[in-house]
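Novice: Can you read through this structure? Questions will come right after.
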Amino acid sequence: MQKYTKISAIQEILLSEKRKGKKIGFVPTMGFLHEGHLTLAERARQENDIVVMSIFVNPLQFGPNEDFESYPRDPERDAGLAQSAGVDMLFLPEAEEMYSGSSIKMHVTERTDVLCGSRREGHFDGVATVVSKLFNIAGPDNAYFGLKDAQQVAVIEGLVNDLNFPVNIVRVPTVREEDGLAKSSRNVYLSEAEREEAPVLYRSLMDAETFISEGESNPETIISHIQNRITAETSGEIDYIEIYSFPELKEIRELHGEFIIALAVKFQKARLIDNIIIKRTQEEKQNV
């Protein structure tokens, strides 16, 4: 595995490989890798000739109450994990390399005013900026993003469509523990009792999917079912339970087409998010 810190160096070699007809898969991360990141890399390994991973803690994604300096970093550990997952090239730029100028500022106007985006002003502007730069640097054929952060996937799909990036966005399912809890670095902050309760979040989403398959089409009814189960079976405080079209993230009055059911629950020292994405055709609805 080769490591690069300079844009010009990795861009030159990737342009050369593309001229040879090589297919490039790209996995952008902020490092401190976990199984979710490695799943993205392994999927990219299966579908591309060259796998590139970036590790860059993007300062533009951090708000005033989010400490950029304390974000966990362990580049040596990350390099070992990336290599084990089949990464060919690791891009590790410094902020000064990525942001040598500031004559253009990106602003995302859709898909950001709901879910976690409504609580993190400017966050997705930073995501759009860094992803645009990384796509231009790596020139990937395929880029891999986990559906654990489905709103980020929605924003990036909008970015690619609006700016006509010649890249295919590959949605990768959320990696879960055996009991269904979505894998997250935040899970270590759960107490023993909270860890026992936390899988209820995913079970409540699975209940919702069952209700919908049985014919329920009212979003408010589904939200109420989820809310009741989480309230009854956990000590967590519900931050939100919301249903929107996906990837547009617009309000819907009836459950059909592709839509997301997403939630966030605050425990004592951890805020957990989870979601499911369902596609329900009009024909399926009529056949219930």
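Every number here is computed from the coordinates shown, using simple stated rules; none is lab data. Worth saying up front: this structure is predicted, and the values here are computed from it rather than measured. In this analysis, Cβ positions are derived from the backbone assuming ideal geometry, glycine residues included, and neighbour counts consider all displayed protein chains.
Novice: Which of rounded, prolate or oblate describes segment 2-172 when judged by the alpha-carbon gyration tensor and an a/c cut-off of 1.5?
Specialist: Values: a/c = 1.41, a/b = 1.31, b/c = 1.08.
Rounded, since a/c falls under 1.5.
Novice: Additional query: What FRET efficiency do you get for ASP74 and GLU209 if R0 is 41 Å and r is their Cβ-Cβ distance, rounded to the nearest 0.05?
Specialist: On the way: r = 37 Å, r/R0 = 0.90.
Once rounded, the FRET efficiency stands at 0.65.
Novice: Rounded to whole Å, give me the distance from the Cα center of segment 166-216 to that of segment 18-71.
Specialist: 22
Novice: Mind checking which aspartates and glutamates have their Cα closer than 13 Å to the Cα of LYS133? Skip sequence neighbours fewer than 8 apart in that chain.
Specialist: GLU97, ASP125
Novice: Can I ask one more? Points 7 angstrom from Cα along the Cβ direction at GLN46 and ASP67: gap in nanometres?
Specialist: 3.9
Novice: What angle do you read, to the nearest 10 degrees and between 0 and 90, between the alpha-carbon axis of helix 123-138 and the longest principal axis of the chain?
Specialist: 40
Novice: List the lysines whose alpha-carbon lies under 16 Å from that of LYS250, not counting same-chain residues fewer than 8 positions away?
Specialist: LYS279
Novice: Report, in degrees rounded to the nearest 10, the 0 to 90 angle that the Cα long axis of helix 150-163 makes with the longest principal axis of the chain.
Specialist: 50
Novice: Still on this model: Compare the peptides 179-190, 57-68, 20-31, 113-124 by average per-residue count of other Cβ atoms within 10 angstrom and give them in order, highest first. Working shown, then result.
Specialist: On the way: 179-190: 16.2, 57-68: 13.8, 20-31: 19.3, 113-124: 17.7.
Descending packing order for the listed peptides: 20-31, 113-124, 179-190, 57-68.
Novice: Taking square-rooted eigenvalues a ≥ b ≥ c of the alpha carbon gyration tensor, is segment 23-86 rounded, prolate or oblate, where a/c under 1.5 means rounded and, failing that, a/b exceeding b/c means prolate? Kindly include the intermediate steps, with their values, before the conclusion.
Specialist: Details: a/c = 2.89, a/b = 1.95, b/c = 1.48.
Since a/c reaches 1.5 and a/b is larger than b/c, the shape of segment 23-86 is classed as prolate.
Novice: Among VAL188, VAL108, VAL172, pick out the residue whose Cα is farthest towards the positive end of the charge dipole of segment 84-201, where Lys and Arg carry +1 and Asp and Glu carry -1 on C-beta, about the Cα centre.
Specialist: Final value for the positive-end residue is VAL108.
Novice: About the Cα centre of the chain, how large is the charge dipole given +1 on each Lys and Arg Cβ and -1 on each Asp and Glu Cβ? Please answer in debye to the nearest 20.
Specialist: Details: 32 positive and 47 negative charges, 182 e Å.
Here the size comes out at about 880 debye.
Novice: Still on this model: Mind checking which of LEU147, SER235, THR221 is farthest towards the positive end of segment 136-251's charge dipole, using Cβ charges of +1 (Lys, Arg) and -1 (Asp, Glu) about the Cα centre?
Specialist: LEU147
Novice: Indicate, rounded to the nearest 5 percent, the antiparallel portion of the DSSP beta bridges found entirely in the chain.
Specialist: Working: 20 of 39 bridges.
Beta bridges within the chain, antiparallel portion: roughly 50 percent.
Novice: Oh, and also: I'd like the orientation of helix 75-84 relative to the chain: the angle between its Cα long axis and the longest Cα principal axis, in ° from 0 to 90, rounded to 10.
Specialist: 80
Novice: Suppose every Lys and Arg Cβ carries +1 and every Asp and Glu Cβ carries -1, with no other charges. What dipole size does segment 185-287 come out with about its Cα centre, to the nearest 20 debye?
Specialist: Working: 12 positive and 20 negative charges, 59 e Å.
Dipole about the Cα centre, nearest 20: 280 debye.
Novice: Could you sort 198-211, 165-178, 144-157, 247-260 so that the peptide with the highest average Cβ count within 10 Å comes first and the rest follow in order?
Specialist: Working: 198-211: 19.2, 165-178: 15.1, 144-157: 22.6, 247-260: 16.6.
The most tightly packed comes first, giving 144-157, 198-211, 247-260, 165-178.
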